[in-house]
Amino acid sequence: MSVLPAAVIAVGLVSLPAAAQTPDVPARPARAVPADQPPYPYADCLGAAKKHGESASYAKWHCDELVKKGWVKPPKR
């Protein structure tokens, strides 16, 4: 047996037990999203839009677009 194939086999055998073992990773528990992170309440979106000088109709459109993106919770109707 030549040196190169013997080295490949030796490296393969040495690394096999390490590759076969996988650490047990516990599932991450679900966490509550803080109020200062998305999705924000719809009423807060409307208030912020009006505070920035947007008209009522534009503020509603803007917040509706943010609902589609997941940044704002849908309004309660």
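The values are calculated or read from the model by the stated rules, or taken from the named source; none is laboratory data. In this text the structure is predicted, and so the values were computed from the model without any measurement. Cβ placement follows ideal geometry from the backbone for every residue including glycine, while neighbour counts extend to all protein chains displayed.
Observations
- If the condition is being of a type outside the set (A, V, I, L, M, F, W, C), without any contact (Cβ under 8 Å) to a residue 12 or more places away in the chain and not in a helix (DSSP H, G or I), then segment 35-75 contributes ASP36, GLN37, HIS52, GLY53, GLU54, SER55.
- Filter result for the condition that a residue is at negative phi, at pLDDT below 95 and assigned to a helix (DSSP H, G or I), over ALA27, ALA32, ALA18: ALA18
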